[in-house]
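Visitor: Once you've had a glance at the structure underneath, I'll fire off some questions.
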Amino acid sequence: GTACRAMGYTEVMTYSFVSPSSLDKIKVPADSPLRDNYRILNPLGEDTSVMRTTALPSMLGVLSTNLSRRNMEAKLYEMATVYKKQPGKVLADERTVLTLGAYGGDVDFFALKGAVEALLCAARTPDVRFTADTETAAFHPGRCAAVWAGDIRLGVLGQIHPLTARNYGVDAELYCAELDFDALFQAKGADPVYTPLPKFPAVS
């Protein structure tokens, strides 16, 4: 959170209850595990009837709201919880994801990639690399990258596909990243060791 704020990103908080149609809006395939979500028994309405398995629609909703209020640029982040089913278990696998969302100003693919690199540098994450990702349908296939620490996939970043953006009523270029915070914590480097000053300095 501190690293995000240092780069000018503002924290947002969204509901974990979402609409089933949110996965359609980000073009999640019909056979994706992300569609296997928990349905609320007594929801307040259809828009809050399932527990989210990805935080990307929540961030896109906040970005579109800001644009509709004529906020011409934004840099936002959220530490969000997602809920995924575990085979043979009743309770969900609750995972924390760090989501970044931005548009306007000097924001582009490389600015977002630089922000993610800065976060990983702050966590002293070793062996960071980026590979092209053309499989995540919510993103522009030519402006999307998977983020790795060695063999651990941390998440994805890039420009939201224009068709996905239009599903939120947006014509502007939106840039997002979704990083598995638990995986990021697992991959982080060792904490720095503090060596105290001598209690009794030497005298010559």
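The values are calculated or read from the model by the stated rules, or taken from the named source; none is laboratory data. Being a predicted model, the structure only gives us computed values, none of them experimental. We place every Cβ from the backbone using ideal geometry, glycine too, and count neighbours over all the protein chains shown. Heads up: the accessible areas ignore ligands, DNA and RNA and are worked out on the full protein's heavy atoms, side chains in. Shrake-Rupley method; radii C 1.70, N 1.55, O 1.52, S 1.80 Å.
Visitor: Condition (residue is within 19 Å of S64 (Cβ to Cβ), among the basic types (K, R), open to solvent by 60 Å² or more (accessible area, probe 1.4 Å) and out of contact with any helix residue (DSSP H, G or I) (no Cβ under 8 Å at 6 or more places or on another chain)) applied to the range 118-134: is it met by at least one residue?
Guide: no
Visitor: Taking V97 as the residue in question, decide whether it is within 21 Å of T10 (Cα to Cα), of a type outside the set (K, R), free of Cβ contacts under 8 Å to residues at least 24 places away in the same chain and part of a strand (DSSP E or B).
Guide: No.
Visitor: So, one more: Among all residue pairs at least 6 apart or on different chains, which show Cβ distances below 8 Å where the first residue, located in the range 1-13, is surrounded by 10 or more Cβ atoms within 10 Å (Cβ to Cβ) and the second is among the aromatic types (F, W, Y) and not in a loop (DSSP other than H, G, I, E, B)?
Guide: Every condition considered, the pairs that remain are G1/Y77; C4/Y77; Y9/Y77; T10/Y77; E11/Y77; V12/Y77.
Visitor: Of all residues in the range 49-94, how many are assigned to a loop (DSSP other than H, G, I, E, B), in contact with a Ser or Thr (Cβ under 6 Å, 6 or more places away or on another chain) and open to solvent by 60 Å² or more (accessible area, probe 1.4 Å)?
Guide: 0
Visitor: Sticking with this one: Quick one: count up the residues across the range 156-174 that are in contact (Cβ under 8 Å) with a residue 40 or more places away in the chain, under 19 Å from A80 (Cβ atoms) and open to solvent by 10 Å² or more (accessible area, probe 1.4 Å).
Guide: So the count comes out to 1.
Visitor: I'd like the residue in the range 104-132 that is of a type in the set (D, E, K, R) and part of a loop (DSSP other than H, G, I, E, B) and, out of all such residues, is farthest from F181 (Cα to Cα). Lay out the reasoning, then the answer.
Guide: If we filter the range 104-132 for residues that are of a type in the set (D, E, K, R), which is where we start, we get 106, 108, 113, 117, 124, 127, 129.
Now restrict to residues that are part of a loop (DSSP other than H, G, I, E, B): 106, 108, 124, 127.
Working: D106: 26, D108: 23, R124: 14, D127: 17 Å.
Within the range 104-132, the match that is farthest from F181 (Cα to Cα) is D106.
Visitor: Let me ask another. Checking F130 against (1) over 17 Å from L56 (Cβ atoms); (2) modelled with pLDDT under 95: exactly one of these is not met. Which one?
Guide: (2)
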